[in-house]
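K.L.:
Sharing a structure here in structure tokens format.
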Amino acid sequence: MRITFLGAAGTVTGSKTLLEVNGLRILIDAGLFQGLKELRQLNWKKLPFDPAGIDSVILTHAHLDHCGYLPRLVKEGFRCSIHCTPPTIDLADIVMRDSGKIQEEDARKANEQGFGHHRPALPLYTVKDAMAVLPLMKAHGYGQEADLGHGVHFSFFNAGHIMGSAGVRVQYGRRSIVFSGDLGREKPLFLYPRENPEAADYLVCESTYGDRLHSKTSPYRVIKEAIWRAYRKKSVLLIPAFAIERTQEVIYIIHRLRMKNALPPIPVYLDSPMGINATEIMLKYPQWHRLSEAEAKAMVDAVRLVRDPRSSRSLVRRGETAVVMAGSGMIEGGRILDYLERYLSDPDAGILLVGFQAEGTRGRALLEGATELKFHGRFHRVKAHIRHLDSLSAHADQREVLNWLQEMDSPPERIFLNHGERHQADALRVKIESMLGWEVQIPRLGQHFELS
Ligand SMILES: [Zn+2]
């Protein structure tokens, strides 16, 4: 066995791990690098392997930093199966198509407005490229063992991170390796909690929050206060929305608050075609979360859905007192920028960031107190009231990762910490070494290891 870390090493995006077992070449996740420009440029770098020579992809979940490179991989010649859970097929499909659209739009804008370094600017992939991925995707439930050939098997287990998210256990003879994928919380809002890891010889574990504990702030209280503030100021509360999961969690919380008569009369808009689609996918898979059908439907009925761009533009223009959820969650693009163009310099407006904000993103800049943000080709002053809700994270924090590791029946020979910035992985390494006495490795980008 040999493992090569081609993404999410020293950073939280671009998840791509090549596992070579008995002549098989398996890629665990094919995610997009996001955030800092140096990272995004890695998406354009030629892969150190021939995509046509990969035998299969195992996809842990539908987040862009795990599935967003698939269209490029297929465009470059990959033709075999992509294994994932049923909800991941639907969710990844909309995530990849949206990404293709953004890539096309960015290239078009760069060409029109003359920014960007390449002439002409080209998209990394198109919507059409993204659509070519779907026919390759194969569905597997949790706990179903699947044969990859060459004596190699794998199975998924529930990672409790987003709907359909999975950890992976790959087995060859007596040797095994487990990938945590993105690991969820101990008590998710409406997902089934993650499963305990089975014993394995090697473990690859994420470390996004390896250096900290999530705040215990009640998300209900923060969202309630932010909505009341918008109502009192007769302004807007903008929630940059992660279309998958986080949007549904925020809608669920708003729905629950409404049921308790805890909110003022204020309309709530979901201005995100992808967020709307993801919410509908949640309704399609009632057995993959804990909400009853009636509850899921009631929660969707509590928001006004804005699909077409014209209604979106009109909502921005109207300046209504309202709560608006719009993508993207780290303010990297999407309709949220149209709202920020109008509201970022308005001290009465509120912006509630509801998830992890990667280094180099506009969301992170806002969290760190930036006084200006650059978008649409120019700088905008930041005057709006910024608040961060970090207790809704879909990632386990340091204690929750350690608790999960401790549930392993026997310690692995080695644990690799990926999917974390260097200091996050390092902090978790120190804890694992001192508490569990395990051998910990923090791989660098491109580094490979021979596993006996
Ligand atoms: Zn994720």
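K.L.:
Provide the per-residue ³J(HN,Hα) series for segment 248-264, in order, calculated from phi with Karplus coefficients 6.51, -1.76, 1.60 and θ = phi - 60°, each as a whole number of Hz, with x at glycine and proline positions.
P.N.:
Each residue's phi maps through the Karplus curve to give 5, 5, 5, 4, 4, 5, 4, 4, 5, 5, 4, 4, 8, 6, 9, 10, x Hz.
K.L.:
Hey, can you grab everything whose amide H is under 5 Å from the amide H of residue 269? Only 5+ residues off in sequence or another chain; H modelled, so Pro and N-termini drop out.
P.N.:
The list, which skips near neighbours in sequence, is 304, 323, 324, 325.
K.L.:
Same structure, new question: Whose amide H sits under 5 Å from the amide H of residue 138, counting only residues 5 or more places off or on another chain, with H placed in the peptide plane?
P.N.:
HN-HN under 5 Å from residue 138: 82, 83, 84.
K.L.:
What are the semi-axes of the equivalent ellipsoid for segment 147-245, taken as the square roots of 5 times the Cα gyration tensor eigenvalues, largest first, in whole Å?
P.N.:
Sorted largest first and rounded, they come to 40, 14, 10 Å.
K.L.:
What accessible surface, in Å², does a 1.4 Å probe find on residue 44, ignoring ligands, DNA and RNA and rounding to the nearest 10?
P.N.:
About 130 Å², rounded to the nearest 10.
K.L.:
Using a Förster distance of 45 angstrom, determine the FRET efficiency expected from the C-beta separation of residue 374 and residue 294, and round it to 0.05.
P.N.:
0.50
K.L.:
How much solvent-accessible surface does residue 101 expose, in Å² to the nearest 10, with a 1.4 Å probe and all protein chains in place?
P.N.:
100 Å²
K.L.:
For segment 312-324, in order, what is each residue's ³J(HN,Hα) by Karplus, 6.51 cos²θ - 1.76 cosθ + 1.60 with θ = phi - 60°, in whole Hz (x at glycine and Pro)?
P.N.:
Listing the rounded values in order: 5, 4, 5, 5, 4, 5, 4, x, 5, 6, 6, 9, 10 Hz.
K.L.:
If DNA, RNA and ligands are ignored and the probe is 1.4 Å, what is the ranking of 246, 79 by accessible area, most exposed first?
P.N.:
On the way: 246 20, 79 150 Å².
Largest accessible area first, the list is 79, 246.
K.L.:
Evaluate the distance, in nm, between pseudo-label points positioned 7 Å from the Cα of residue 105 and of residue 79 along their respective Cα→Cβ axes.
P.N.:
Inter-label distance under the simple model: 3.4 nm.
K.L.:
Rounding to the nearest 20 debye, state how big the charge dipole of segment 219-388 is about its Cα centre with +1 on each Lys and Arg Cβ and -1 on each Asp and Glu Cβ.
P.N.:
500 debye
K.L.:
Something else about it: Which FRET efficiency value, to the nearest 0.05, do you get for residue 407 and residue 367 by plugging their Cβ-Cβ distance into 1/(1 + (r/R0)^6) with R0 = 30 Å?
P.N.:
Rounded to the nearest 0.05, the efficiency is 0.40.
K.L.:
Ordering 216, 431 by accessible area with a probe of 1.4 Å, largest first, what comes out?
P.N.:
Result, largest first: 216, 431.
K.L.:
Figure the gain on full extension for residue 285 and residue 134 (residue separation times 0.36 nm, minus the Cα-Cα span) and round it to one decimal in nm.
P.N.:
Contour length minus the Cα-Cα distance gives 52.5 nm.
K.L.:
Same structure, new question: Taking 0.36 nm per residue of sequence separation and subtracting the Cα-Cα distance, how much length would be gained by fully extending the chain between residue 342 and residue 383, in nm to one decimal?
P.N.:
Numbers: separation 41, 0.36 × 41 = 14.76 nm, distance 1.14 nm.
In short, 13.6 nm is gained.
K.L.:
In 10 Å bins starting at 0, how do the alpha-carbon pair distances of segment 219-388 split up by percent?
P.N.:
10, 41, 37, 11, 1
K.L.:
Sticking with this structure for a sec: Round to the nearest 10 and report in Å² the accessible area of residue 11, as given by a 1.4 Å probe over the protein chains' heavy atoms.
P.N.:
Near enough 10 Å² of accessible area.
K.L.:
Tell me, what is the FRET efficiency for residue 190 and residue 421 to the nearest 0.05, using R0 = 22 angstrom and their Cβ-Cβ distance as r?
P.N.:
The formula returns an efficiency of 0.15 here.
K.L.:
Further, regarding this structure: As a test, work out the antiparallel percent of DSSP beta bridges whose residues both lie in the chain, rounded to the nearest 5.
P.N.:
Of all bridge pairs located within the chain, approximately 45 percent are antiparallel.
K.L.:
In sequence order, what are the phi-derived ³J(HN,Hα) couplings for segment 197-202 according to the Karplus relation 6.51 cos²θ - 1.76 cosθ + 1.60 with θ = phi - 60°, rounded to whole Hz, with x for glycine and proline?
P.N.:
x, 7, 4, 8, 6, 10
K.L.:
Under the rule of at least 5 residues apart or a separate chain, name every residue whose amide H is placed under 5 Å from the amide H of residue 388.
P.N.:
Result for residue 388 returns 353.
K.L.:
In segment 300-452, carbon and sulfur make up what percent of the accessible area (probe 1.4 Å)?
P.N.:
Answer for segment 300-452: carbon and sulfur cover 45 percent of the accessible area.
K.L.:
For segment 43-153, what is the convex hull volume of the alpha-carbon atoms per residue, in Å³?
P.N.:
101 Å³
K.L.:
Can you list the lysines whose alpha carbon is less than 24 Å from that of residue 187, not counting same-chain residues fewer than 8 positions off?
P.N.:
216, 224, 260, 284, 297, 431
K.L.:
Please compute the Kirkwood hydrodynamic radius over the chain, one decimal place, Å, based on all pairs of different Cα atoms.
P.N.:
Evaluated on the chain, it is 22.4 Å.
K.L.:
Give me the number: length gained by fully extending residue 49 to residue 37, i.e. 0.36 nm times residue separation minus the C-alpha to C-alpha distance, one decimal in nm.
P.N.:
Stretched out fully, the residue 49 to residue 37 stretch lengthens by 2.0 nm.
K.L.:
Which lysines have a Cα lying under 24 Å from the Cα of residue 128, excluding residues fewer than 8 positions away in the same chain?
P.N.:
Excluding near neighbours in sequence, the set is 16, 45, 46, 75, 101, 109, 138.
K.L.:
Something else about it: Please determine, in degrees from 0 to 90 and to the nearest 10, the orientation of helix 422-435 with respect to the longest principal axis defined by the Cα atoms of the chain, where the helix direction is its Cα long axis.
P.N.:
The two axes meet at around 50 degrees.
The values are calculated or read from the model by the stated rules, or taken from the named source; none is laboratory data. Owing to the predicted nature of the structure, the values given are computational and were not obtained by experimental measurement. For neighbour counting, all protein chains shown are included, and Cβ atoms are generated from backbone atoms with ideal geometry for every residue, glycine included. Just the protein is used for accessible areas: all its heavy atoms, side chains included, with ligands, DNA and RNA removed. Shrake-Rupley method; radii C 1.70, N 1.55, O 1.52, S 1.80 Å.
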